[in-house]
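Asks: Below is a structure I'd like to ask you about.
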Amino acid sequence: MRLFPILVLGLCALPLLAQTSGPAKKGAKPRFDFGIPDKPFTSDVARLIREIGEHPQVVSNVEALCDDIGPRLTGSRRLEQADAWIMARLKAYGAVNVHEEAYTFGPRWVRGQDSGRLLNLNRVVLHLAAMAWSPATPGAVQGEVALLQGRTLEDLKAQLPSLAGRIVLVGELPKPGPGTDRRAYYQQLLGLMRELKAAVILRSSGRPDDLLNMTGSPVSRWGRATVPTAFLSGEQADLLERQIRRGEHPQVEIRIGGELGKEAVQAHNVVAEIKGSEWPDQVVIVGGHLDSWDLGTGATDNGTGAMASVEVLRAIQTLGLRPKRTLRVVLFSGEEEGLLGSNAYAEAHKAEAANWQAVLIDDMGTGRILGWPDMGQEAWRAPLAAAMAPANNLGCREIGAFLQPGDTDHWPFFQLGVPAFAAIQEPLDYMKITHHSQADTFTHVVPADLVQGAQAMAATAWELLNMPGRLPHIPPAS
């Protein structure tokens with residue numbers, strides 16, 4: 001750059017520097033005065049964002065849900081307590097039509113005492129937790145650990161007879177190759193695992209830092225355990241596998257507790273509304289799942305998303321706003337066991353599906369909401385962009401060009417052809433640390449990010465509630 005333009009630019013900047021307020025402090029860098037800040041915007045959506053930012057209750061609600069009620073396994077008394085607690089909150093916020101909707105869940109399961117130890121070699125205590133809906137062992141079971149692993153499904157099948165009646169550690173399992181029908185492949189793998197007639201099955205948590213993992217379901221199609229099964233910490237699963245590979249024959253004692261009910265129980269989804277002023281039969285659903293696993297207290301999976309949905313309703317009611325369409329908050333149960341609550345809700349209400357404007361689900365932890373996926377539908381991109389525009393300055397501006405698969409509660413609605421979206425969120429430590437582990441507690445909630453998520457969800461929902469046009473539906477899945 002030539003020297004003369006630089007000198008001219010410097011001389012022109014002097015008046016601006018002279019206008020900065022107050023005497024310059026020694027060593028302080030001069031600042032530019034860029035003008036007068038905006039006055040607070042007065043549109044309804046701006047007021048809604050400001051209300052959540054200045055007077056949030058979402059953080060304290062997550063804290064109370066997790067610290068006072070605690071883990072909320074579907075079918076448990078704790079989830080029933082949480083349902084009653086949040087319904088009282090929703091009524092206090094001025095919601096109407098607050099109620100529970102029941103569906104048949106399956107047998108109740110209550111965790112018992114799980115323990116393990118290595119009887120030889122280094123004799124460590126094993127850190128393990130029963131897989132949910134696993135049968136219990138008949139007291140303490142002792143034996144040598146055998147390793148199940150293979151490169152192909154045929155490799156696994158060949159090993160099954162020799163593992164009958166033994167304590168089996170599941171090692172690396174084969175993965176589907178390119179072009180393989182993944183759903184069909186994993187159904188085959190699941191079928192093989194059901195043929196394993198072991199005394200006990202140990203599975204690695206696959207997590208670092210001694211974290212455990214959790215899955216399971218009372219529904220057989222989702223892999224209900226027929227053999228006593230437990231998750232072992234990743235480090236200790238590695239230990240046993242190394243010992244086996246060295247030919248050292250680790251001997252263990254395993255006890256898996258728990259009580260599995262004999263009769264199916266009813267589970268519930270919680271529903272609340274603000275009625276629309278112009279098109280009350282048209283509905284925008286916001287929601288998350290209130291159930292959780294029971295190793296932690298279900299803070300990021302999914303206390304944050306459930307309470308963000310409630311915060312949308314609270315803020316609208318606090319400001320006395322009247323949306324043109326009906327806002328419906330649905331807090332699902334049974335999500336962790338296979339989207340059982342949302343599937344039951346979508347099936348029970350599918351006759352109304354044509355009137356559903358959109359569904360927004362928050363279920364990826366405490367991280368900020370960055371946007372929403374287009375679910376592979378070009379026709380949804382423009383209205384979605386318009387709906388999230390008021391939250392762009394909050395960092396919610398991404399329209400993901402992908403179809404979010406069926407791993408959270410938007411999926412049953414999408415299968416009906418309804419515009420249904422699960423939020424794109426900053427991952428933070430969700431998948432690595434808190435997801436399904438004992439670390440899923442309020443300690444990992446980031447209050448500022450949680451508030452931003454509630455703001456982004458509220459702004460998007462408000463625009464969908466009030467925009468003149470409808471989002472087009474697509475043909476239901478066959």
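Asks: From the list Gln415, Gln438, Gln452, exactly one residue is surrounded by 22 or more Cβ atoms within 10 Å (Cβ to Cβ), in contact (Cβ under 8 Å) with a residue 60 or more places away in the chain, out of contact with any strand residue (DSSP E or B) (no Cβ under 6 Å at 6 or more places or on another chain) and assigned by TED's automatic domain parsing to the domain that holds Leu370. Which is it?
Replies: On the way: Gln415 fails: surrounded by 22 or more Cβ atoms within 10 Å (Cβ to Cβ); Gln438 fails: surrounded by 22 or more Cβ atoms within 10 Å (Cβ to Cβ).
Just a single option satisfies the conditions, and that option is Gln452.
Asks: Sticking with this structure for a sec: In the set Leu212, Leu196, Leu202, which member is under 18 Å from Ala130 (Cα atoms) and part of a strand (DSSP E or B)? It would help to see each step written out before you state the result.
Replies: Numbers: Leu212 fails: part of a strand (DSSP E or B); Leu196 fails: part of a strand (DSSP E or B).
Just one listed residue meets the conditions, Leu202.
Asks: Does any residue in the stretch 60-80 that is within 23 Å of Ala264 (Cα to Cα) come within less than 8 Å, Cβ to Cβ, of a residue that is hydroxyl-bearing (Ser, Thr, Tyr) and assigned to a loop (DSSP other than H, G, I, E, B) six or more places away or on a different chain, and which pairs are these?
Replies: Pro71/Ser292; Pro71/Thr297; Arg72/Ser292; Leu73/Ser292; Thr74/Ser333; Leu79/Ser333
Asks: Among all residue pairs at least 6 apart or on different chains, which show Cβ distances below 9 Å where the first residue, located in the stretch 155-183, is touching a residue at least 24 places away in the same chain (Cβ under 8 Å) and within 24 Å of Leu232 (Cα to Cα) and the second is surrounded by fewer than 16 Cβ atoms within 10 Å (Cβ to Cβ) and basic (Lys, Arg)?
Replies: Filtered contacts from the stretch 155-183: Leu160/Lys197; Leu163/Lys197; Ala164/Lys197; Gly165/Lys197; Pro174/Arg151.
Asks: Another question about this same structure. Taking Trp279, is it over 30 Å from Ala237 (Cα atoms) and not assigned by TED's automatic domain parsing to the domain that holds Asn213? If you could, list the steps in order and put the result at the bottom.
Replies: Values: over 30 Å from Ala237 (Cα atoms): yes; not assigned by TED's automatic domain parsing to the domain that holds Asn213: yes.
In short, yes.
Asks: From the list Gly165, Gly143, exactly one residue is modelled with pLDDT of 95 or more, out of contact with any helix residue (DSSP H, G or I) (no Cβ under 6 Å at 6 or more places or on another chain), part of a strand (DSSP E or B) and in the same structural domain as Ile201 (by TED's automatic domain parsing). Which is it? Full working, then the answer.
Replies: On the way: Gly165 fails: part of a strand (DSSP E or B).
Step by step, each of Gly165, Gly143 is checked, and only Gly143 is modelled with pLDDT of 95 or more, out of contact with any helix residue (DSSP H, G or I) (no Cβ under 6 Å at 6 or more places or on another chain), part of a strand (DSSP E or B) and in the same structural domain as Ile201 (by TED's automatic domain parsing).
Asks: For Ser217, work out the one condition from (1) in contact with an Asp or Glu (Cβ under 8 Å, 6 or more places away or on another chain); (2) not assigned by TED's automatic domain parsing to the domain that holds Ala158 it doesn't fulfil.
Replies: Only one criterion is unmet by Ser217, namely (2).
Asks: Take Gly171 and tell me if it is out of contact with any Ser or Thr (no Cβ under 6 Å at 6 or more places or on another chain) and at pLDDT below 95. Before you say what the answer is, go through the steps one by one.
Replies: Details: out of contact with any Ser or Thr (no Cβ under 6 Å at 6 or more places or on another chain): yes; at pLDDT below 95: no.
Criteria not met by Gly171.
Asks: Moving on to the next point. Looking at (1) among the β-branched types (Val, Ile, Thr); (2) loosely packed, with under 13 Cβ neighbours inside 10 Å; (3) assigned to a loop (DSSP other than H, G, I, E, B), which is the only condition Thr137 fails?
Replies: With respect to (1) among the β-branched types (Val, Ile, Thr); (2) loosely packed, with under 13 Cβ neighbours inside 10 Å; (3) assigned to a loop (DSSP other than H, G, I, E, B), Thr137 is out only on (2).
Asks: Can you tell me which residues in the stretch 185-210 are of a type in the set (Lys, Arg) and either surrounded by fewer than 18 Cβ atoms within 10 Å (Cβ to Cβ) or over 25 Å from Gly257 (Cα atoms) (or both)?
Replies: We begin by selecting, within the stretch 185-210, every residue of a type in the set (Lys, Arg); these are 194, 197, 203, 207.
Arg194, Lys197, listed by residue number.
Asks: Pick from the stretch 111-124 the residues that are among the aliphatic types (A, V, I, L, M) and touching a Leu at 6+ places or on another chain (Cβ under 8 Å): which of them is farthest from Val200 (Cα to Cα)?
Replies: First, the residues of the stretch 111-124 that are among the aliphatic types (A, V, I, L, M): 118-119, 121, 124.
Still in the running and touching a Leu at 6+ places or on another chain (Cβ under 8 Å): 118, 124.
Working: Leu118: 15, Val124: 19 Å.
Within the stretch 111-124, the match that is farthest from Val200 (Cα to Cα) is Val124.
Asks: Tell me whether the stretch 178-186 contains one or more residues that are out of contact with any Phe, Trp or Tyr (no Cβ under 7 Å at 6 or more places or on another chain), closer than 30 Å to Ser76 by Cα and not polar (S, T, N, Q). Show your work before the answer.
Replies: Taking the stretch 178-186 as the starting set, the residues that turn out to be out of contact with any Phe, Trp or Tyr (no Cβ under 7 Å at 6 or more places or on another chain) are 178-186.
With the extra rule that they be closer than 30 Å to Ser76 by Cα, the set shrinks to 186.
Next cut, not polar (S, T, N, Q) only: 186.
Yes.
Asks: Another one. Residues to consider are Asp407, Asp363; find the one that is over 23 Å from Glu311 (Cα atoms) and in the same structural domain as Thr460 (by TED's automatic domain parsing). Lay out the reasoning, then the answer.
Replies: On the way: Asp363 fails: over 23 Å from Glu311 (Cα atoms).
Just a single option satisfies the conditions, and that option is Asp407.
Asks: Evaluate the stretch 457-465: report whether one residue or more is surrounded by 17 or more Cβ atoms within 10 Å (Cβ to Cβ), assigned to a loop (DSSP other than H, G, I, E, B) and either touching a residue at least 40 places away in the same chain (Cβ under 8 Å) or assigned by TED's automatic domain parsing to the domain that holds Arg322 (or both). Don't jump to the end; show me each part of the working.
Replies: The first filter runs over the stretch 457-465 and keeps only residues surrounded by 17 or more Cβ atoms within 10 Å (Cβ to Cβ), leaving 457-465.
Keeping just the survivors that are assigned to a loop (DSSP other than H, G, I, E, B) gives none.
No - not one qualifying residue is present in the stretch 457-465.
Asks: Given the criteria in contact with a helix residue (DSSP H, G or I) (Cβ under 7 Å, 6 or more places away or on another chain), without any contact (Cβ under 8 Å) to a residue 24 or more places away in the chain and more than 30 Å from Ala264 (Cα to Cα), does Asp33 qualify? Before you say what the answer is, go through the steps one by one.
Replies: Values: in contact with a helix residue (DSSP H, G or I) (Cβ under 7 Å, 6 or more places away or on another chain): yes; without any contact (Cβ under 8 Å) to a residue 24 or more places away in the chain: yes; more than 30 Å from Ala264 (Cα to Cα): yes.
It is true that Asp33 is in contact with a helix residue (DSSP H, G or I) (Cβ under 7 Å, 6 or more places away or on another chain), without any contact (Cβ under 8 Å) to a residue 24 or more places away in the chain and more than 30 Å from Ala264 (Cα to Cα).
Asks: Of the conditions (1) within 15 Å of Pro228 (Cβ to Cβ); (2) more than 26 Å from the chain's Cα centre (by Cα); (3) of a type outside the set (Asp, Glu), Ala132 clears all except one; give me its number.
Replies: (2)
Asks: Does Ala422 fit the bill of being at negative phi, among the hydrophobic types (A, V, I, L, M, F, W, C) and over 19 Å from the mean Cα position of the chain (by Cα)? Full working, then the answer.
Replies: Working: at negative phi: yes; among the hydrophobic types (A, V, I, L, M, F, W, C): yes; over 19 Å from the mean Cα position of the chain (by Cα): no.
In short, no.
The values are calculated or read from the model by the stated rules, or taken from the named source; none is laboratory data. Remember, it's a predicted structure, so these values are computed and weren't measured experimentally. So basically every Cβ, Gly included, is an ideal-geometry build from the backbone, and we count neighbours across all protein chains shown.
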